[in-house]
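The values are calculated or read from the model by the stated rules, or taken from the named source; none is laboratory data. These numbers come from a predicted model, not from an experiment. Note that each Cβ is placed from the backbone with ideal geometry, even for glycine, and that neighbours are counted across all protein chains shown.
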Amino acid sequence: IKVAIEEVVYSGNQTTFRIVVTNNGDMELTGLFIDEVIPDGLVYDHFIGTNWTNNGTMFYYGGSLAVGEDVELFVVVNTTVSGNFTNRVIAGSDNVDNHTAEASIRVYTPDLVVREISNDPNVIVGQPVSFTVIVTNDGDCVLGEVYVDNIFPEGLVYTGFEGANWTKVGNRFVYSGVLNPGESISYILYFNTTAGGQFMPKVIAGSNLTSNATAKANSNNTTVVSVPGISVIKIADKSSVKVGELVTFTITVRNTGNCALGDVFVVDEIPEGLEFVSFNGANWTKVGNKYAYSGSLAQNESASFTIVCNATKAANITNVAIAGSNMTGNVSASADVSIIEEIIPTPTPTPVTPEDEKPVVQVPMDSKATGNPIIMLLLIIFALIPLRRRKE
């Protein structure tokens, strides 16, 4: 007779067949042999039995078999594929005809596959993300005690999970049911992001019949966490100008993050004391006080433009520029300029000498004279006029 020790075997495991030869006749048997016919899918490994030798799958008994006596032999084989297998044995001796016996086994190939899908492939640091973990029975038999171990990377902070019939014990998620061939089960992991980079929680799945399976990194199961950043610098070509002079401001916007920035803009309000004259910058357009960049800024890339203004009145001004993008908040920078009014000094008049002015001639006076002789003469004439009238 031939008996399979295990009627159900899982591929990759060993199984054993027990062969018993009994002398049911009325004479002693000698030259006893067994021919083990092993089907494809089963591979001979070794045998167990006292007083037996072999040549491949031919086994020879070294003694004789008395009437009513039996002897046994155990043949161990490896299983390699799924299927139903019938192992046949032919026994004989020098003085009896051959006899045949067989035993059948069923070989299953359990297989478990785990996949992971990012539900948020691209996020900004600080935003929540989630991953769906899917476990599939890819074999041909029922699986029980299904579990998944999770390893959460730094930069992702676990906040919860969602999944029917799953329970969480530490970082292991255990499924309470069984998993039929071809069936899939899943749960969702939720995280907050605290750092930039590319992330995928590591998941390792197993069951009562399978070894551990690990999800491989594919294009759809990683999350890229971006840390956007932007800076702006504003520089005046002069720190001090006079009223009526021109001053030029150069504004430079730079991508300081790890992702591309779009919709880059600058708002520049011209303060009182300055008057807009012109601006210049490749790929920049001006609408009111807003300057928009038509391209995108790659990591560490910058874009600049200039604004020319006329100084209109004396003042100490601070010219502020505010920059932003589709991925960042707003940042600002400023440049200080002192506007002074030029003071023209009043000229000092130069003395002018008249052309017709003649020098004054000094007439020497007799120190003995007691008065002006002309005046004295006039007084005498006036005194004689009444005397003449009397004589007439």
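Which of the residues belonging to the stretch 281-301 are hydrophobic (A, V, I, L, M, F, W, C), in contact (Cβ under 8 Å) with a residue 24 or more places away in the chain and not in a loop (DSSP other than H, G, I, E, B)? The answer is Ala292, Leu297.
If we scan the stretch 84-98, do we find a residue that is in the same structural domain as Glu145 (by TED's automatic domain parsing) and aromatic (Phe, Trp, Tyr)? No; the residues of the stretch 84-98 include none that is in the same structural domain as Glu145 (by TED's automatic domain parsing) and aromatic (Phe, Trp, Tyr).
When the residues of the stretch 130-146 are filtered to those that are surrounded by fewer than 22 Cβ atoms within 10 Å (Cβ to Cβ) and not charged (D, E, K, R), the one that is nearest to Asn84 (Cα to Cα) is Cys141.
To keep it simple, each residue is scored yes or no on (1) part of a strand (DSSP E or B); (2) among the small types (Gly, Ala, Ser); (3) in contact with a strand residue (DSSP E or B) (Cβ under 6 Å, 6 or more places away or on another chain); (4) surrounded by fewer than 17 Cβ atoms within 10 Å (Cβ to Cβ).
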| position | (1), (2), (3), (4) |
| --- | --- |
| Val157 | yes, no, yes, yes |
| Phe161 | yes, no, yes, no |
| Val174 | yes, no, yes, yes |
| Pro181 | no, no, yes, yes |
| Leu189 | yes, no, yes, no |
| Asn192 | yes, no, yes, yes |
| Gln198 | yes, no, yes, yes |
| Asn208 | no, no, no, yes |
| Ser211 | no, yes, no, yes |
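Report the residue count in the stretch 16-52 for those that are in a strand (DSSP E or B) and either over 23 Å from Asn84 (Cβ atoms) or touching a residue at least 40 places away in the same chain (Cβ under 8 Å) (or both).
Qualifying residue count, the stretch 16-52: 18.
Conditions (1) modelled with pLDDT of 95 or more; (2) surrounded by fewer than 19 Cβ atoms within 10 Å (Cβ to Cβ); (3) in a strand (DSSP E or B), marked per residue:
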| position | (1), (2), (3) |
| --- | --- |
| Lys216 | no, yes, no |
| Ser219 | no, yes, no |
| Val225 | no, no, yes |
| Val232 | yes, no, yes |
| Ile251 | yes, no, yes |
| Ala303 | yes, no, yes |
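Is the stretch 264-280 home to any residue that is closer than 30 Å to Glu154 by Cβ, β-branched (Val, Ile, Thr) and in contact (Cβ under 8 Å) with a residue 40 or more places away in the chain? No, there is no match, as no residue in the stretch 264-280 is closer than 30 Å to Glu154 by Cβ, β-branched (Val, Ile, Thr) and in contact (Cβ under 8 Å) with a residue 40 or more places away in the chain.
Run Ala66 past the list (1) exposed (fewer than 13 other Cβ atoms within 10 Å of the Cβ); (2) within 60 Å of the chain's Cα centre (by Cα) and report the number of the one that doesn't hold. If we test Ala66 against (1) exposed (fewer than 13 other Cβ atoms within 10 Å of the Cβ); (2) within 60 Å of the chain's Cα centre (by Cα), just (2) comes out false.
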